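The values are calculated or read from the model by the stated rules, or taken from the named source; none is laboratory data. In this text the structure is predicted, and so the values were computed from the model without any measurement. Heads up, the Cβs are rebuilt from the backbone with ideal geometry, glycines too, and the neighbour counts pull from every protein chain shown. All accessible areas refer to the heavy atoms of the entire protein, side chains included, with ligands and DNA or RNA removed. Shrake-Rupley method; radii C 1.70, N 1.55, O 1.52, S 1.80 Å.
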Amino acid sequence: MAGLSVDVIRSKRRKRTLSARVIEGRIEVRVPAGMDPDEEVRLVDELLARARRKISSATVDLRGRAAELAGRYRLPTPVSVEWSSRQMKRWGSCTPDDGRIRISDRLADMPPWVLDSVLVHELAHLEVNGHGPEFQELVDRYELTERARGYLIAVTEGRALGPLD
C-alpha cells in the first residue's frame, strides 16, 4: 500500500460515510462534499490505516504461527486463531473454554517477534487463567517477552520509533 497514490473525491451524493477502493494502482477514497477539512483528513487517515492492516494481516498465517509457537514452547494448540479489527484496547484475547484466540490486527504491521509474544501470551491463557506466577512462567518461555512488552508500551504511549527487527 505504501506505493499506491491516494485520490480523495468529494461526493455530493455521500452524506456521512467514506468509501475506498483500489483502481488501476491507486486508492480512490470518496468523502461527503461538505465535510470539515480537518475531519476529512482524520477519517481518510483512519480508513487507510484500516486498509493497510487488513492487507498486512492477510499475509500472515496466524494459525500456523500459533501452532508452531505452541509446539516450540510446550503450550496448548488453539482451536482457532483469527485477526480482529475490533480490538482497539487489547493486543489479543482468548476464550479458554472453547480454545479460541483473537489477535488485534494492529499487530500486523509490527515486528514478528512482537506478534509472537502476544500469541505466546494468549496460548498460555489456554492453560492458565489469570496472570499469576504459573502463567508468567509459561509466558517467559518466549525469550523476547520483555523486549516485546517494552515495544508495546512504547507503541501505546506513542513513543515507538518503528520496527526494531
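Would you mind telling me which numbered condition in (1) free of Cβ contacts under 8 Å to residues at least 24 places away in the same chain; (2) surrounded by fewer than 19 Cβ atoms within 10 Å (Cβ to Cβ) PRO76 fails? All conditions are met except number (1). Taking segment 80-90 as the range and being within 18 Å of TYR151 (Cβ to Cβ) and either modelled with pLDDT of 95 or more or open to solvent by less than 40 Å² (accessible area, probe 1.4 Å) (or both) as the test, only GLN87 passes. Residues in segment 103-115 that are surrounded by 21 or more Cβ atoms within 10 Å (Cβ to Cβ) and either of a type in the set (Asp, Glu) or not in a helix (DSSP H, G or I) (or both): ILE103, SER104, ASP105, MET110. Residues being of a type outside the set (Phe, Trp, Tyr), under 19 Å from VAL155 (Cα atoms) and within 16 Å of the chain's Cα centre (by Cα) are represented in segment 121-143 by at least one member. Within segment 27-44, restricting attention to residues that are touching a residue at least 12 places away in the same chain (Cβ under 8 Å) and under 21 Å from ASP109 (Cβ atoms), the residue that is most open to solvent (accessible area, probe 1.4 Å) is LEU43.
Tell me whether segment 1-21 contains one or more residues that are in a strand (DSSP E or B), acidic (Asp, Glu) and open to solvent by 40 Å² or more (accessible area, probe 1.4 Å). The answer is yes; a qualifying residue exists.
For segment 58-80, check the following and say yes or no: at least one residue is farther than 30 Å from HIS131 by Cα, out of contact with any Leu (no Cβ under 9 Å at 6 or more places or on another chain) and either assigned to a strand (DSSP E or B) or small (Gly, Ala, Ser) (or both). Even if it seems obvious, please write down each step before you answer.
Our first condition is that a residue be farther than 30 Å from HIS131 by Cα; within segment 58-80, this holds for 58-59.
Now restrict to residues that are out of contact with any Leu (no Cβ under 9 Å at 6 or more places or on another chain): 58-59.
Then drop every residue that is not either assigned to a strand (DSSP E or B) or small (Gly, Ala, Ser) (or both), which leaves 58.
For segment 58-80, residues farther than 30 Å from HIS131 by Cα, out of contact with any Leu (no Cβ under 9 Å at 6 or more places or on another chain) and either assigned to a strand (DSSP E or B) or small (Gly, Ala, Ser) (or both): present.
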